[in-house]
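Derivation of every value follows stated rules applied to the coordinates shown; laboratory data play no part. Every value quoted in this text rests on a predicted model; they were computed, and no experiment measured them. Here the Cβ is made from the backbone with ideal geometry for all residues, glycine too, and neighbour counts use every protein chain on show.
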Amino acid sequence: MAAFLILMLGFSLFGIEFGINYEFCGYLVGCIGAGEIARGFCKLNFPPFNAKNYYLAVSLAGYFTVSIFYLLMVFKWGHQIYGIAIAGVVGALFYNLLVWLQKLENRKNS
């Protein structure tokens, strides 16, 4: 909250208008929540949790997060519906890239 107030103060000093689209924020939060629910469902249904299942859970979370967001874009702004599967695959790859980068950073710091 403090960071938001500092940003608002900084923008008002320079005369920059700053607005938040709360509807869009709700779309993002809902999609991320659905992805995390999918990740938890995957962790519960594949009990011997190892590195391979970890990447499966991350891929599933990325797939659901991005594909649900794309589905909302289809309903809201009229994008093409056939791109949902492509968006899901891109989301799964992006989430795995984030995990790989996090592990690389941890390796560099240790």
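Structural remarks
- Using the Cβ-Cβ distance between GLN80 and LYS108 with R0 = 41 Å, the FRET efficiency computed as 1/(1 + (r/R0)^6) comes to roughly 0.50.
- Using a cutoff of 8 angstrom between alpha carbon atoms and counting only pairs six or more residues apart, the relative contact order for the chain works out to 22 percent.
- Estimated distance in nm for a label pair at TRP100 and LEU7, the labels positioned 7 Å out from Cα along Cα-to-Cβ: 3.0
- Inter-centroid distance (Cα atoms) of segment 1-35 relative to segment 58-79, Å: 21
- Cα centre as origin, Lys/Arg/Asp/Glu Cβ charges: the chain dipole, Debye: 500
- Each residue of segment 52-68 is assigned a 3J(HN,Hα), and the resulting list reads 5, 5, 5, 5, 5, 5, 5, 4, 5, 5, x, 4, 5, 4, 6, 5, 5 Hz, derived from the Karplus form 6.51 cos²θ - 1.76 cosθ + 1.60 (θ = phi - 60°), x at Gly and Pro.
- Under 13 Å from the GLU23 label point (7 Å along Cα→beta-carbon), backbone N, segment 47-85: 73, 75-78
- Computing percent of Cα pairs over 22 Å apart for the structure here picks out one of (1) 51; (2) 32; (3) 28, namely (1).
- Computed from backbone phi, the HN-Hα couplings of segment 98-106 come to 4, 5, 4, 5, 5, 5, 5, 5, 5 Hz, rounded to whole numbers (Karplus: 6.51 cos²θ - 1.76 cosθ + 1.60, θ = phi - 60°; Gly and Pro given as x).
- Projected label distance in nm at ILE32 and PHE14, using a 7 Å step from Cα toward the beta-carbon: 2.4
- Trypsin sites (Lys or Arg not before Pro) lying in DSSP loop within segment 36-67, provided at most 10 other Cβ fall within 10 Å: none
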